[in-house]
Each structure stands twice: as C-alpha cells, then as structure tokens.
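Below is one structure; the comments refer to it alone.
The values are calculated or read from the model by the stated rules, or taken from the named source; none is laboratory data. The shown structure was predicted, so the numbers you read here are calculated from the model rather than taken from an experiment. Quick reminder, even Gly has a Cβ in these numbers, built from the backbone with ideal geometry, and neighbours come from all protein chains shown. Protein only, heavy atoms only, side chains kept; ligands, DNA and RNA dropped before computing areas. Shrake-Rupley method; radii C 1.70, N 1.55, O 1.52, S 1.80 Å.
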Amino acid sequence: MAHEIGLDQLSPSVDTDWVWIDADTSHSEQLVALGEQLGLDRLAMFDAVGDIDLAKVDDFGEHLLVVLHGLSEESTDEIKTYELDMFITPNALITVRSGNSRTIDHLWEDVRNNIELNDAGPDILAARITSAIMKRWASIVTSFDEQLDDLIERA
C-alpha cells in the first residue's frame, strides 16, 4: 500500500515492488544524490533540478526521462506552466517539478486509495500523469477554439 516518506528516509534497501518519488526542485542536492544511487543519467538529473527544458522523451537504456509542462494553478488571469520531469525505471517513478501540481496531488490520493494503482507500476502511473496533464491542455485548446469560433461569427 502507498505511504508517504521523506527523501531522507528513502534508501536502496526499502523493500517494495516499486516506488514513486515526487519532489520539487528545492530538494536538488538530495535528488541528484538519489539519482546517482538509482543509476540515473547524471546530466539529465542536473537538468531536471536546474534547467527549463522543452517537452521531450530521452531513452537512456535502463530508464526514460519524460519532460512535460503542466498548467500552473497560480494564476487565473494568464496561462502559466510548470515543468515536470519524470524518470521512469523498472522499479521507480521519480517526478521532479518546479511548481505545485493539482494533477500530481490528485493522482497521489488516487494511488493511496486504489490498490490497483499501487500494483500498476511506474510506467502505468507515468502514463496516467501524462494523460491527466494533456487533458488539462486539451481543455484550454477547446476553450480557445470556442472563443475563436465566436470571434469569427462576430466578424
């Protein structure tokens, strides 16, 4: 069953099928050290905690890096985004984000309350996160499309 622990409590000897580690970029030193323990690409981990990247997927053989940009909840007046980096290994999903994410928070609650999601694995959870983020983007595009149709009609 899913439960929350601090990054400082995580060790390679934690006895689980797989883990989801979600952290913001303020934990950069701990995340880089954790990335080294897990054998993640060092430069990719430094980029995740320090740089702003375009959306992409990098295949490092033993793990993937997926970079997405989600919609920020900080402003209702304008569209702001946050970066979400997901490192996907056979035994771990490490999400590193530069801001708050209702999407991640909501999925964490789902994982805690749904045993099927606990059994799903890091790849399935990463796909669910990606799907949820893309649905939010689709709602924005639909809204723009409706506004554009209205403007065309008026013109």
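Observations on the model:
- The calculated FRET efficiency for Val32 paired with Ser131, based on their beta-carbon distance and R0 = 30 Å, is about 0.55.
- Most mobile of Asn113, Asn100, Asn91 in a GNM of the chain (Cα contacts under 10 Å): Asn113
- FRET E, pair Asp53, Asp150, Förster distance 30 Å, beta-carbon r, rounded to 0.05: 0.30
- A 1.4 Å probe, protein heavy atoms only, puts the accessible area of Ile115 near 90 Å².
- Geometric descriptor of the chain, per residue, is 129 Å³ (volume of the convex hull of the Cα atoms).
- Value at 222 nm in deg cm²/dmol, rounded to 500, when DSSP H runs of n ≥ 4 in the chain each add -39,500 (n - 2.57): -15000 deg cm²/dmol
- Gain on full stretching of the segment that runs from Ser139 to Glu73 - 0.36 nm per residue minus C-alpha separation: 22.3 nm
- GNM flexibility winner over the chain from Ser131, Ser143, Ser98 (Cα, springs under 10 Å): Ser143
- Beta-bridge orientation, the chain: approximately 75 percent antiparallel, per DSSP, counting only bridges with both partners inside.
- Across the chain, Cα pairs under 8 Å and at least six residues apart give a relative contact order of 22 percent.
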